[in-house]
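K.L.:
To start, I am sharing the structure in question, which I have written as structure tokens.
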Amino acid sequence: MMQQLTVASLSRDMKFEGFLLVRSADQRTSSNGGKYLDMTLCDTTGDINCKMWDGTVPPPKQGAVIKVRGTVQEYNGRLQMRIERLRNPSPADEVDVSQLMPCAPEPPKDMLREINRAIDKMKTPELQAILREMLLMCGDKLNYYPAAQRVHHAERSGLLHHTVSVLRAAEAVLPLYPFLDGDLLRAGAIAHDLSKTAEFISDEAGNVSDYSAEGQLLGHLVHGVAQVREAARRANVTGEYVLLLSHMIISHHGLPEHGSPRPPMFPEAEMLHLLDDMDAKMNEMEGIMRRTPAGAFSEKIWTLDRRLYHPRIHETEPEQDNSSASRDLYSGLL
């Protein structure tokens, strides 16, 4: 693959030419009746919305790699690329898709092994049995499903990445609050988002094409409670742990405006909410810092309702003249 700028390094008025992965692509109609392509394209560093104002070009398939030439603009405070030309790659391009596919930083088999070890170490057989059934119900989807369509852990194996991160955070806080039931908190960390495998539709590259009917009508909180109850039935588990784990799932978003029908009503449920919220925000902020130059502010982040500042103390390399690099890379292609 040719050397090219990363999505995270793009800024307004820069030229881009290179290969990107298609997260989504649709042909739409503008207010004046003209057709255009609305696409989200990505590499391992992030994604960017792209518009191509040519109604004759069919939308590329989700998960495909395309080569594009365009100019980065700003629209409503967010970067957007205006695509001038695009084409499919040829064999001579020797595209390395691994350089374009956002993936969790650890192999899925390692993360799944860590989750199973945590279950094996539990001293509560009821929770062990429920969790093992829930993992079986998810099947192979756990190996590649993202944790979200956008925002946090929107990457291949992102669901496992988020689950393991919350589980590790739980292990870190348990010594600080020894009154908490450790097995219950660990179980909540593992179970809280597993029903996302039923909430939306993802390909094996971690690209979400749409929400499922269950995702649209129920969402992963309500479906998660049903999943716990079904897992308990299959494992022949009864008693209060079924109720407590169900409550932790339905309340882990914390507030009604964030989708939780109930607020957390016992300490382990509250801690799960805090850890889940922390991990989601830190993952999102990490991505924002990657694409925001040191000493600059990001675009307004709609999920946070604010802009973020990238402190200069995080700057590890001298600032480069990206416009010059862009001119060098823009020559020749397509």
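The values are calculated or read from the model by the stated rules, or taken from the named source; none is laboratory data. Remember, predicted model here, so these are calculated numbers, not experimental data. Glycine gets a Cβ as well: all are built from the backbone with ideal geometry, and neighbour counts include every protein chain shown.
K.L.:
Check the stretch 20-29 and report whether any residue there is within 22 Å of G77 (Cβ to Cβ) and either among the aromatic types (F, W, Y) or more than 22 Å from the chain's Cα centre (by Cα) (or both).
P.N.:
Yes, there is a match, as at least one residue in the stretch 20-29 is within 22 Å of G77 (Cβ to Cβ) and either among the aromatic types (F, W, Y) or more than 22 Å from the chain's Cα centre (by Cα) (or both).
K.L.:
Mind checking which residues of the stretch 192-214 are outside any strand (DSSP E or B) and either acidic (D, E) or in contact (Cβ under 8 Å) with a residue 60 or more places away in the chain (or both)?
P.N.:
Matches in the stretch 192-214: H192, D193, L194, E199, D203, E204, A205, G206, N207, E214.
K.L.:
Right, here's the next one. Of the conditions (1) under 23 Å from the mean Cα position of the chain (by Cα); (2) not in a loop (DSSP other than H, G, I, E, B), E106 fails just one. Which one is it?
P.N.:
Failing condition for E106: (2).
This table checks each residue for (1) modelled with pLDDT of 95 or more; (2) within 16 Å of I249 (Cα to Cα).
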site	(1), (2)
A191	yes, yes
A198	no, yes
E204	no, no
S212	no, no
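K.L.:
What number goes with the only condition from (1) surrounded by fewer than 14 Cβ atoms within 10 Å (Cβ to Cβ); (2) of a type in the set (A, V, I, L, M, F, W, C); (3) touching a helix residue (DSSP H, G or I) at 6+ places or on another chain (Cβ under 6 Å) that M134 does not pass?
P.N.:
(1)
K.L.:
Is it the case that the stretch 160-171 has a residue that's farther than 30 Å from D47 by Cβ and of a type outside the set (G, A, S)?
P.N.:
Looking through the stretch 160-171, at least one residue is farther than 30 Å from D47 by Cβ and of a type outside the set (G, A, S).
K.L.:
Would you say V97 is in contact (Cβ under 8 Å) with a residue 12 or more places away in the chain, in contact with a strand residue (DSSP E or B) (Cβ under 8 Å, 6 or more places away or on another chain), surrounded by 20 or more Cβ atoms within 10 Å (Cβ to Cβ) and within 29 Å of H153 (Cβ to Cβ)?
P.N.:
Judged against the criteria, V97 is not a match.
K.L.:
Please find, within the stretch 30-44, the residue that is farthest from the chain's Cα centre (by Cα) out of those that are buried (at least 18 other Cβ atoms within 10 Å of the Cβ) and either touching a residue at least 24 places away in the same chain (Cβ under 8 Å) or farther than 20 Å from G158 by Cα (or both).
P.N.:
Step by step, filter the stretch 30-44, then rank; the result is L37.
K.L.:
Also, I was wondering about something else. Could you list, in sequence order, all residues of the stretch 232-277 that are more than 21 Å from K123 (Cα to Cα) and not in a helix (DSSP H, G or I)?
P.N.:
Residues satisfying the conditions are H252, H253, G254, L255, G259, S260, P261, R262, P263, P264, M265.
K.L.:
What about E84, is it in a strand (DSSP E or B), touching a strand residue (DSSP E or B) at 6+ places or on another chain (Cβ under 8 Å) and more than 27 Å from H153 (Cα to Cα)? Give the derivation first.
P.N.:
On the way: in a strand (DSSP E or B): yes; touching a strand residue (DSSP E or B) at 6+ places or on another chain (Cβ under 8 Å): yes; more than 27 Å from H153 (Cα to Cα): yes.
Against the criterion (in a strand (DSSP E or B), touching a strand residue (DSSP E or B) at 6+ places or on another chain (Cβ under 8 Å) and more than 27 Å from H153 (Cα to Cα)), E84 qualifies.
K.L.:
I would also like to ask the following. Any residue at all in the stretch 109-124 that is β-branched (V, I, T) and part of a loop (DSSP other than H, G, I, E, B)?
P.N.:
yes
K.L.:
Quick one: is R150 closer than 18 Å to V242 by Cα and surrounded by fewer than 17 Cβ atoms within 10 Å (Cβ to Cβ)? Give the derivation first.
P.N.:
Working: closer than 18 Å to V242 by Cα: no; surrounded by fewer than 17 Cβ atoms within 10 Å (Cβ to Cβ): yes.
When the stated conditions are applied, R150 does not pass them.
K.L.:
Among the residues of the stretch 105-135, write down those that are among the charged types (D, E, K, R) and closer than 19 Å to A169 by Cα.
P.N.:
Hits for the stretch 105-135 are E106, D110, R113, E114, R117, D120, K121.
K.L.:
For residues that are at pLDDT below 90 and in contact with an Asp or Glu (Cβ under 6 Å, 6 or more places away or on another chain), scanning just the stretch 63-93, find the one that is surrounded by the fewest Cβ atoms within 10 Å (Cβ to Cβ).
P.N.:
G77
K.L.:
Next question, about the same structure. Checking V208 against (1) over 16 Å from the mean Cα position of the chain (by Cα); (2) within 25 Å of Y75 (Cβ to Cβ): exactly one of these is not met. Which one?
P.N.:
Unmet for V208, out of (1) over 16 Å from the mean Cα position of the chain (by Cα); (2) within 25 Å of Y75 (Cβ to Cβ): (1).
K.L.:
Looking at the stretch 153-191 only, could you name the residues that are part of a loop (DSSP other than H, G, I, E, B) and surrounded by 22 or more Cβ atoms within 10 Å (Cβ to Cβ)?
P.N.:
Residues satisfying the conditions are H153, A154, E155, S157.
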